[in-house]
Each structure stands twice: as structure tokens, then as C-alpha cells.
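Undergrad: Could you have a look at this structure, given as C-alpha cells, before my questions?
Since every read-out is calculated from the coordinates, none of them should be taken as a lab result. Keep in mind it's a predicted model, so treat the numbers as computed, not measured. Note that each Cβ is placed from the backbone with ideal geometry, even for glycine, and that neighbours are counted across all protein chains shown.
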Amino acid sequence: MTKIPVVQQILSANDAIADENRAALDAAGALGVNVMASPGAGKTSLILATAARLPAGLRLAVIEGDVAGRIDADAMAAAGIPVVQINTGGGCHLDAPMVRSALPHLLPDGVDMLMIENVGNLICPAGFALGTHVNLVVASTPEGHDKPYKYPGMFAAADVVTLNKADVAAVFDFDFDAFQRGVRMVNPAAPIFVISCRTGEGVNAWVDWLTAQHAVMPRPPKHS
Ligand code: MG
Ligand code: ZN
């Protein structure tokens, strides 16, 4: 009983800073995307595939959240994408203060879209708002079609779902209908894009949807 109020305090402090992050993104005209998935689903591959297909002139930056290392951040930098690495030092999710510390390194450069690769984990990242506009959950066929049933909180928090590795679905006996029913049990509205970052299947439709989300953002005057 006594620990419950402490948890609530931590979450509300995070939410207050998430609101600040949202205001900073809004002021910069940058669409924030919280990219959540289990390890290996293809978060980094999706960000790279998205970057390669964004309309010309739409500037992407990335925050890489990892327990340790900078492998994914190096991949972003190699692709010419501005990136900040956050190492959580063992922590299993990003939180709003971590993102706040990274924003000054990226937003002043005229960013239109900020994709934040969260730590690979289908549980607690959904519980910590970062201030982003879009919660993206990346699922993948090798994980199995039962993931929405086993991690309903994550799929309930999604604004959009991409189902990656569609090209190998048959190898894993992946049941698309069962997956979709599981998502719909907890989330009636989020679009589901079936994609393969390896073959490019379906990625354009996802990028079109994402670009449309940026297009409806309020337009602040850009300062040079
Ligand atoms: Mg990654
Ligand atoms: Zn965590």
C-alpha cells in the first residue's frame, strides 16, 4: 500500500517532462515518433527504410535508446542521419528526462521528424510517455502472432502498428488474422501495416501514413 503513491509520483513527474518535450517538438514543427518493439523486431531497419523513402526536404533525426553500445547510432550516422545515442546503463526503457536531454542536440537544426528508438522491450516502454506524437509498435512475424495477446498493454498504447518480416511469415506459420484479432481486442483503431524492411514490401504505405501525420501538424514559423 505505501509504495503506490511513490509510483504515482514518479509517473506524473515523467508526464510533466513529457509535456515539455511535446511543446518543444511542436515549437520546432517536428513530429515525434516513439518506436517500440521487442529486441530484433526491426526497429533500426524500419527507421533506415523510412529514412530512405521520406519525401525530399523532410528532415529526419533519430534518438537511439539502448542499454549499452552505439551500434544502431553508428548505422544512423553512416546513413547521414543526425543521431543522439542514449545509453540507459541497464535501464529497460527510455523516459521523458532522457529524451529532454537529447532534444537540444537535434531540434535546432531544423528537424521535421524525430524517431526515437526505444529500448527493445514490449512491457514498460508503453508506460513512460516521452512527449512524442505517435506511438509506433513494430511487431515481426518470427515473434509469432500471439504477441498482442501476451503484451496487450503495449498494443493498446499503439497509435500505429507495423508488422515486419512479412517476407518470411510462411516459415514461422504466422497467422495474420490471429494477429489482427489480437491487436483489435485492445486497440480498435490503430492502422496495421504489413511490411518487410528487407524486401521493401509495404514500406511506402507506412511512410505515406507517417508523412501525412507530419503534414497535419500545426506549422510554427521556422527561425533561421
Ligand atoms: Mg535497434
Ligand atoms: Zn523498463
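Undergrad: Could you give every pair whose Cβ atoms fall below 6 Å, whose first residue belongs to region 118-135 and is at negative phi and in contact (Cβ under 8 Å) with a residue 60 or more places away in the chain, and whose second residue is within 11 Å of ligand 2 (Cβ to nearest atom) and assigned to a helix (DSSP H, G or I), counting only separations of at least 6 or pairs across chains?
TA: If the second residue must be within 11 Å of ligand 2 (Cβ to nearest atom) and assigned to a helix (DSSP H, G or I), the pairs left are Asn118/Pro125.
Undergrad: Restricting to region 179-203, name every residue that is outside any loop (DSSP other than H, G, I, E, B) and either loosely packed, with under 14 Cβ neighbours inside 10 Å or among the hydroxyl-bearing types (Ser, Thr, Tyr) (or both). Steps first, answer last, please.
TA: Within region 179-203, the subset outside any loop (DSSP other than H, G, I, E, B) is 179-186, 192-194, 203.
Of everything in region 179-203, those that are outside any loop (DSSP other than H, G, I, E, B) and either loosely packed, with under 14 Cβ neighbours inside 10 Å or among the hydroxyl-bearing types (Ser, Thr, Tyr) (or both) turn out to be Arg181, Met185.
Undergrad: Could you list all residues from region 95-107 that are touching a residue at least 12 places away in the same chain (Cβ under 8 Å) and either touching a helix residue (DSSP H, G or I) at 6+ places or on another chain (Cβ under 8 Å) or more than 14 Å from ligand 2 (Cβ to nearest atom) (or both)?
TA: Asp95, Ala96, Pro97, Val99, Arg100, Ser101, Ala102, Leu103, His105, Leu106, Leu107
Undergrad: Within region 133-150, track down each residue that is part of a strand (DSSP E or B) and either surrounded by fewer than 21 Cβ atoms within 10 Å (Cβ to Cβ) or among the acidic types (Asp, Glu) (or both).
TA: The one that is part of a strand (DSSP E or B) and either surrounded by fewer than 21 Cβ atoms within 10 Å (Cβ to Cβ) or among the acidic types (Asp, Glu) (or both): Val134.
Undergrad: Give me a count of the residues in region 25-58 that are surrounded by fewer than 17 Cβ atoms within 10 Å (Cβ to Cβ), more than 16 Å from ligand 2 (Cβ to nearest atom) and on the phi < 0 side of the Ramachandran plot.
TA: Total satisfying the criteria: 8.
Undergrad: Looking at (1) touching a Gly at 6+ places or on another chain (Cβ under 9 Å); (2) away from ligand 1 (no atom under 11 Å from the Cβ), which one does Gly40 not meet, given that it meets all the others?
TA: (2)
Undergrad: Can you find, within region 115-132, the residue that is farthest from Ala24 (Cα to Cα) among those that are within 16 Å of ligand 1 (Cβ to nearest atom) and outside any loop (DSSP other than H, G, I, E, B)?
TA: Step one: list which residues in region 115-132 are within 16 Å of ligand 1 (Cβ to nearest atom), which gives 115-122, 125.
Now narrow it down to the ones that are outside any loop (DSSP other than H, G, I, E, B): 115-117, 125.
Values: Met115: 15, Ile116: 15, Glu117: 18, Pro125: 21 Å.
Here the residue is Pro125.
Undergrad: Please tell me if Val99 is closer than 23 Å to His214 by Cα, within 16 Å of ligand 1 (Cβ to nearest atom), outside any loop (DSSP other than H, G, I, E, B) and hydrophobic (A, V, I, L, M, F, W, C). Quick ask: steps written out before the conclusion?
TA: Working: closer than 23 Å to His214 by Cα: yes; within 16 Å of ligand 1 (Cβ to nearest atom): no; outside any loop (DSSP other than H, G, I, E, B): yes; hydrophobic (A, V, I, L, M, F, W, C): yes.
No.
Undergrad: Out of everything in region 170-193 that is within 16 Å of the chain's Cα centre (by Cα) and aliphatic (A, V, I, L, M), what residue ends up being nearest to Pro142 (Cα to Cα)?
TA: Checked region 170-193; the qualifying residue nearest to Pro142 (Cα to Cα) is Ile192.
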